[in-house]
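Worksheet: one structure, shown below.
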Amino acid sequence: MMKSLRRIAVASVFCCCLPLGQAQASVFSLFGTSASSAYAQTKYPIVLVHGLAGTSKYFGVVDYWWQIPSDLRANGATVYVADVAAFNSDEQRGEELLKQISSVLAATGASKVNLISHSQGGTTSRYAAAVKPQWIASVTTIATPHAGTPVADTVNMTPQALKNLLADGTSVLGQLLSLFVGNPQPQDPLAALSGLTTAGAANFNRLYPSAGVPANCGVNGAASEVRSGNTQLLYSWTGNQAGTNVLDVTDPIMVLGSVIIKTAGGGANDGLVPVCSARFGRELGVYGWNHLDEVNQLFGLRGLFSADPVVTIRTQANRLKTAGL
């Protein structure tokens, strides 16, 4: 009984320190799915970081990381889902992420966290790891455009008036998404777009260099661990397909993005990010997924014989556990 009361007290303190959406997620991480195994029970908490146009839970209902947090918890992991601005620069999003990491550390008593990030969430995580390296045990990026993407280059070349119009619309969308999880954040779609271009990514890599970013989209040694400053373990994987399921209404967008990337000479890609741009740290695989399949969206629809992204992330948690993280 006393143990349960202590858990409730910890949850209450933590909830008071976070916006409503974050508080709800924190309570769920403590009292949600009970663990049936210790397969994914890492030493440090796992924080999942969403990408561009993302949120922890769309319209307060649909998880960005579809079925992934509950699976990790069922396998023993302590999991928190970050909620940063849907549309903003990595510096702004990174500062928001650092505040949430600070709350996780305070709530759990842990000294570090493991970051698992999708798309722009990877560069957001790299910013956090550069500013507070002592807080970060590992960074795993999934289809992050570390070298930018031709899709962003193409959008960036549109007339300024059209870009401003698109920015106004996406800013409203970002504000709406943040309101649904009770965690309003500033939105700046043009800053987000700039950072995702090849020139913007190159500038980010100069400002926040990482041992995980290979030169000229080269391949890092997949058989060995890659460390940043001998403290953080760095990993990545990505997809290389665009249209993967005829029932997925988002696949046409991925197919269009793939055409843009290939036309620009970007080679194999997941519909939004070239495979070469996603390389970071120890490369763990290239899967038959598009950009949304990688986080088990839309509602788990993907190629019939493709790998299960839920299992892939669970396996990564086990890898972190085995590494003592």
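Please list LEU247, LEU234 in order of solvent-accessible area, largest first, computed with a 1.4 Å probe with all protein chains present.
LEU247, LEU234
Could you please report the charge total around SER277, scoring K, R as +1 and D, E as -1 over all other residues with beta-carbon less than 12 angstrom from its beta-carbon? Value of the local net charge: -1.
What the pair-distance distribution of segment 268-323 shows, using all Cα-Cα distances binned every 5 Å from zero, is 4, 17, 26, 25, 18, 8, 1 percent. In the elastic network of the chain, a GNM with C-alpha springs shorter than 10 Å, the most mobile of ASN296, ASN164, ASN156 is ASN164.
How large is the accessible surface per residue of the chain, computed with a 1.4 Å probe and reported in Å² as a whole number?
Accessible area per residue: 42 Å².
Looking at the chain, I'd like the Rg to Rh ratio, where Rg is from alpha-carbon atoms and Rh is Kirkwood's inverse mean 1/r. Rg/Rh for the chain comes to 0.95. Subtracting the Cα-Cα distance of THR263 and ASN205 from 0.36 nm times their residue separation leaves 18.4 nm of extension gain. Restricting attention to the chain, close to 20% of DSSP beta bridges with both partner residues there are antiparallel.
A probe of 1.4 angstrom, applied to the heavy atoms of all protein chains, finds ASP168 with accessible area near 100 square angstrom. Sparse packing (at most 16 other Cβ atoms within 10 Å of the Cβ) combined with a DSSP loop state is found for the following chymotrypsin sites (Phe, Trp or Tyr not before Pro) in segment 219-318: PHE299, PHE305. Placing +1 on the Cβ of every Lys and Arg and -1 on the Cβ of every Asp and Glu, with nothing else charged, gives segment 125-257 a dipole about its Cα centre of roughly 420 debye.
By accessible area, using a 1.4 Å probe on protein heavy atoms only, the chain has 62% of its surface on carbon and sulfur.
Nearest 500 deg cm²/dmol is fine: what mean residue ellipticity at 222 nm does the chain get from its DSSP H runs of n ≥ 4 alone, each adding -39,500 (n - 2.57), divided by its residue count?
Counting only the DSSP helices, I get -13500 deg cm²/dmol.
Please list, or write none, the aspartates and glutamates whose alpha carbon is within less than 17 Å of the alpha carbon of LYS132, excluding same-chain residues fewer than 8 places away. Reachable aspartates and glutamates: ASP90, GLU91, GLU95, GLU96.
The accessible-area ordering, largest first, of the residues LEU52, LEU165 stands as LEU165, LEU52, per a 1.4 angstrom probe. Model label sites at LEU173 and GLN67, defined 7 Å from Cα along the beta-carbon direction, differ in position by 2.5 nm. Between the Cα long axis of helix 120-131 and the first principal axis of the chain there is an angle of about 60°, rounded to the nearest 10. With a cut-off of 12 Å between beta carbons, the residues surrounding SER194 carry a summed charge of -3, where Lys and Arg count +1 and Asp and Glu -1. Cut-off 12 Å, label point 7 angstrom out along Cα-to-Cβ of VAL155: give me the residues of segment 231-261 whose amide nitrogen falls inside. From segment 231-261, the list is 257.
Computed from Cα positions, the angle between helix 160-180 and the longest principal axis of the chain comes to roughly 20 degrees. For the chain, a simple Cβ point-charge model (Lys and Arg +1, Asp and Glu -1, everything else neutral) yields a dipole of about 1080 debye relative to the Cα centre.
The alpha-carbon of LYS57 sits under 12 angstrom from the alpha-carbons of these aspartates and glutamates, leaving out residues fewer than 8 places away in its chain: ASP83. Taking Cβ atoms as reference points and 14 Å as the exclusive limit, the residues near ALA40 contribute a net charge of +4, counting Lys and Arg as +1 and Asp and Glu as -1.
The values are calculated or read from the model by the stated rules, or taken from the named source; none is laboratory data. Because the structure is a prediction, the values reported are computed rather than measured. Because the Cβ atoms are built from the backbone with ideal geometry, glycine has one as well, and the counts that use them run over all protein chains shown. Areas reflect the complete protein model, heavy atoms only, side chains present, ligands, DNA and RNA absent. Shrake-Rupley method; radii C 1.70, N 1.55, O 1.52, S 1.80 Å.
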